[in-house]
Amino acid sequence: MDKFDCHILEILQSDCALAVNDIAEQVGLSATACWRRIQKLEEQGIVRARVALLDGAKLNVGVTVFVAIRTSRHDAKWLAQFHAAVSTIPEVVELYRMSGDTDYLMRVVVPDVAGYDRIYKRLIHMAELSDVSSSFAMEQIKYTTALPLGYVADT
């Protein structure tokens, strides 16, 4: 990956709806060369998807809840059951397996506390959990989907 690829990625991260001609002009390549690079980045899985970012508050899911989960079960059967259960809950927008005291950390978006309570009740019925600790975000200070590109080495 070279400086052209990084510049293309930077542009796509800020607005993936730009026309290839516009991206090519900003990067300093022909439209064909730019399009080929984008195709290659997609084929390599570096560009996983092109999506629209939506405003949760305007869609009535403006409350963000971070949920720390601990379990006493760490076997493959439980893991499969838990993953399958969580994948059926659209309000769970992120889920991570963690190191340390917390086994899983999830980010949930809901309209209000009652909406989260419904998700909580679903979770505790779907899988055996030792502890569920929820924290409601009071204010979003920074949010980005853009990844830092300064760590990409030229190849």
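The values are calculated or read from the model by the stated rules, or taken from the named source; none is laboratory data. Every value quoted in this text rests on a predicted model; they were computed, and no experiment measured them. Note: ideal-geometry Cβ built from the backbone for every residue, glycine included; neighbour counts use all protein chains shown.
Pairing each residue of segment 119-144 that is over 12 Å from VAL86 (Cα atoms) with any residue that is β-branched (Val, Ile, Thr) and modelled with pLDDT under 95, provided the two are 6+ apart or on different chains, yields C-beta distances under 7 Å for GLU128/THR71; LEU129/THR71; SER130/THR71; VAL132/ILE124.
Among the helices (runs of 4 or more DSSP H) confined to segment 1-110, the ones with at least 2 residues that are buried (at least 17 other Cβ atoms within 10 Å of the Cβ), in the same structural domain as ILE124 (by TED's automatic domain parsing) and out of contact with any Asp or Glu (no Cβ under 7 Å at 6 or more places or on another chain) are located at 76-87. Within segment 28-41, being under 14 Å from LEU9 (Cβ atoms) and within 27 Å of the chain's Cα centre (by Cα) holds for CYS34, ARG37, ILE38, GLN39, LYS40, LEU41.
Which of the following residues is at pLDDT 95 or above and either over 18 Å from the mean Cα position of the chain (by Cα) or exposed (fewer than 10 other Cβ atoms within 10 Å of the Cβ) (or both): GLU139, GLU128? Working first, answer last.
Details: GLU128 fails: at pLDDT 95 or above.
None of the other options fit; the residue is GLU139.
I'd like to check something: does segment 28-50 contain any residue that is under 30 Å from LYS3 (Cα atoms) and in contact with a Lys or Arg (Cβ under 8 Å, 6 or more places away or on another chain)?
Going through segment 28-50, the residues under 30 Å from LYS3 (Cα atoms) turn out to be 28-50.
Remaining after also requiring in contact with a Lys or Arg (Cβ under 8 Å, 6 or more places away or on another chain): 29.
Checked segment 28-50: at least one residue is under 30 Å from LYS3 (Cα atoms) and in contact with a Lys or Arg (Cβ under 8 Å, 6 or more places away or on another chain).
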